Amino acid sequence: MTEDKKPYVKPLPVPNMESEPFWSALKEHRLQVQQCKSCSKHYFYPRSHCPFCYSGDVEWVGCSGKGKVHTFSVIRQNMAPGFREEAPYVVAMVELDEGGVQMMTNIVECEPGDVSIGMPVQVTFEDVTDEVTLPKFKPA
Amino acid sequence: MSPSSLYKQGAIVGAYEYPSRSMPDKTAVQVQAECLVKALDEAGLSLKDMDGLCSTRIPGMQPISFAEYLGVYPTYMEATQIGGSSFVLYLIRAMEAIAAGRARVVGIAYGSLPTTEGRRIGTGTRIGGAGGEVPVEYSFEEPWGLPLIGTYALCAQRHMHQYGTKPEQLAEVGVTMRRHAGLNPYAKYRDPIGVDDVLNSRLICDPLHLLDCCIISDGGGAVVVAHPDIARNAKTKPVWLLGSGEAAMHSSSGHRDFTVSAAAQSGPIAFKESGVSHQDVDFAMIYDAFSINVIMTLEDLGFCKKGEGGAFVEDGRIGLGGQLPVNPDGGGLSSCHPGMRGMFLLVEATRQLRGDFAGTDRQVPNAKVAAVHGIGGFYGTRHSGVTVILTSE
Ligand SMILES: [Zn+2]
């Protein structure tokens with residue numbers, strides 16, 4: 001980490017054997033989720049079996065990065081370090097074009113007041129540390 | 001119709017809520033112990049009679065640490081931690097244990113002092129608990145900064161979008177709870193408020209305003225469940241379990257319906273088991289952590305159709321004197337919320353069914369059947385729901 005970079009104080013993901021491909025793809029600025037080859041459902045978060053039909057025959061599929069806001073909240077108060085200074089900010093559930101699978105994220109590059117349910121969004125990759133890249137979404 | 005196989009196999013014989021909302025001169029375990037002794041005492045029982053113990057959350061290895069503090073040696077224990085609904089679950093477990101002959105008198109107790117300890121419940125950080133053990137799913141949530149309140153806000157926002165639920169309808173819940181709190185001398189906030197007061201209070205996590213959120217108070221309570229032979233000789237009127245159900249709701253692997261809660265599973269199970277219909281229910285105790293909980297729970301339990309909860313809470317319908325009074329004690333929104341409110345749902349339901357408030361405006365007239373629903377955890381990510389139907393008959 002370079003001297004002029006402020007330390008990142010927000011919680012970071014803890015990749016494990018099942019989720020590592022998700023996080024390492026993000027480092028290369030690719031968003032991917034898992035899809036079951038048996039019942040063809042997309043699911044999230046990552047795990048080694050399909051939670052709909054319990055098949056172990058699952059694969060990683062690349063995402064277009066497009067989706068829409070399923071629900072959201074403008075967070076105006078959070079005493080946790082890193083977020084306290086940033087409020088108000090938006091936490092949303094975005095449903096991806098891939099099977100409508102939902103993931104939690106921040107909506108960035110717009111005013112919190114401009115976010116609405118159904119709003120089309122596009123992934124943007126934020127390299128928050130040398131090791132971790134987070135997928136955030138901006139208005140499409 | 002016949003009720004649950006647990007009906008009349010055990011009874012709530014004692015119920016006590018600590019009268020204060022600020023106890024700077026006590027420890028949490030002390031409050032918990034005092035409540036348990038009071039609940040036993042009103043039934044004419046003592047710690048010596050108690051062979052089952054249920055408690056959670058107080059630091060230590062529960063319920064063993066609590067047994068150590070009390071100096072008792074239970075032969076039946078329960079401490080499953082599913083959030084604020086845990087105590088409602090313990091009621092079911094206690095009834096099961098007594099029916100199975102594993103216990104005769106089970107104590108369920110709670111004490112927590114967030115006011116005294118300056119603990120933030122809804123807007124503090126959630127991750128990085130002691131020991132550094134981070135649940136797998138938290139990696140996909142914690143980086144985004146969603147506090148506890150925000151998880152409830154995700155449901156409220158989607159409910160408003162999908163069903164046109166209005167901020168004024170959410171506000172009506174808090175207004176009603178405050179009106180009820182005015183009738184409870186121990187409630188923390190008792191001055192009446194109006195819908196405008198809620199809407200003019202600051203937004204914490206849109207669309208939830210400050211007055212859509214439960215208060216933070218110190219508090220404690222206990223209930224005692226006993227074998228029918230003991231209940232028959234107790235000094236109190238017994239309260240029986242007609243039916244019960246439990247449920248876990250989570251992210252549904254990325255396909256969650258945010259307008260539906262765990263109550264949609266636990267409620268129908270409990271009602272079916274109880275053999276009573278919604279028209280038979282005289283009042284409801286619903287864990288009102290946030291205003292949206294009451295609206296969604298009423299729908300999910302089947303008191304109205306999905307999407308009609310907002311309209312249901314209007315026109316005084318959930319107030320004392322209305323069609324279905326909810327939380328006559330003032331609820332978590334105005335009376336008492338030390339973090340896990342499930343205990344107080346049981347205490348108020350029991351006291352209402354016994355007619356303890358007879359002669360006052362707080363008493364639900366002729367209360368014979370109560371629907372109780374506890375919620376635990378984080379509404380929009382993962383939470384528990386436990387429903388019990390109780391009766392005085
Ligand atoms: Zn499958």
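The values are calculated or read from the model by the stated rules, or taken from the named source; none is laboratory data. Note that the structure is a prediction, hence the values are computed from the model and not measured. Here the Cβ is made from the backbone with ideal geometry for all residues, glycine too, and neighbour counts use every protein chain on show. Note: accessible area is taken over every heavy atom of the protein model, side chains too, but ligands, DNA and RNA are not part of it. Shrake-Rupley method; radii C 1.70, N 1.55, O 1.52, S 1.80 Å.
Of the listed requirements (1) more than 9 Å from the ligand (Cβ to nearest atom); (2) in a loop (DSSP other than H, G, I, E, B); (3) surrounded by 20 or more Cβ atoms within 10 Å (Cβ to Cβ), A:GLN34 misses just one: (2). Is it the case, given these coordinates, that A:VAL94 is within 13 Å of the ligand (Cβ to nearest atom), within 13 Å of the chain's Cα centre (by Cα) and surrounded by 19 or more Cβ atoms within 10 Å (Cβ to Cβ)? For A:VAL94, the condition - within 13 Å of the ligand (Cβ to nearest atom), within 13 Å of the chain's Cα centre (by Cα) and surrounded by 19 or more Cβ atoms within 10 Å (Cβ to Cβ) - is not met. If the requirement is being within 13 Å of B:SER335 (Cα to Cα) and of a type in the set (Lys, Arg), which of these qualifies: B:ARG202, B:ARG179? So the residue among B:ARG202, B:ARG179 that is within 13 Å of B:SER335 (Cα to Cα) and of a type in the set (Lys, Arg) is B:ARG179. Each residue in the stretch A:37-63 was checked for being among the acidic types (Asp, Glu) and either away from the ligand (no atom under 13 Å from the Cβ) or touching a Ser or Thr at 6+ places or on another chain (Cβ under 8 Å) (or both), and 1 pass. The single condition among (1) surrounded by fewer than 16 Cβ atoms within 10 Å (Cβ to Cβ); (2) away from the ligand (no atom under 14 Å from the Cβ); (3) more than 11 Å from chain B (Cβ to nearest Cβ) that A:GLU86 does not satisfy is (3). Taking (1) within 14 Å of another protein chain (Cβ to nearest Cβ); (2) closer than 22 Å to B:GLY316 by Cα; (3) part of a loop (DSSP other than H, G, I, E, B) in turn, B:ILE216 satisfies each apart from (2). For the stretch A:43-57, a tally of residues being surrounded by fewer than 21 Cβ atoms within 10 Å (Cβ to Cβ) and within 14 Å of chain B (Cβ to nearest Cβ) returns 8. Look at the stretch A:96-115: where a residue is more than 8 Å from chain B (Cβ to nearest Cβ) and a partner is open to solvent by 40 Å² or more (accessible area, probe 1.4 Å) and assigned to a strand (DSSP E or B), sitting 6+ places away or on another chain with Cβ atoms under 6 Å, you get A:ASP97/A:LYS66; A:VAL108/A:LYS138; A:GLU109/A:LYS138; A:CYS110/A:PRO139.
Can you tell me which residues in the stretch B:29-56 are open to solvent by less than 20 Å² (accessible area, probe 1.4 Å), over 19 Å from B:THR236 (Cβ atoms) and in a helix (DSSP H, G or I)? Answer for the stretch B:29-56, where residues must be open to solvent by less than 20 Å² (accessible area, probe 1.4 Å), over 19 Å from B:THR236 (Cβ atoms) and in a helix (DSSP H, G or I): B:VAL31, B:GLN32, B:ALA33.
Screening the stretch B:265-309 for residues that are open to solvent by 40 Å² or more (accessible area, probe 1.4 Å) and in a helix (DSSP H, G or I) and picking the one that is nearest to the other protein chains (Cβ to nearest Cβ) gives B:GLN265.
Once the stretch A:62-95 is narrowed to residues that are aliphatic (A, V, I, L, M) and in contact (Cβ under 8 Å) with a residue 24 or more places away in the chain, the residue that is nearest to B:HIS161 (Cα to Cα) is A:VAL69.
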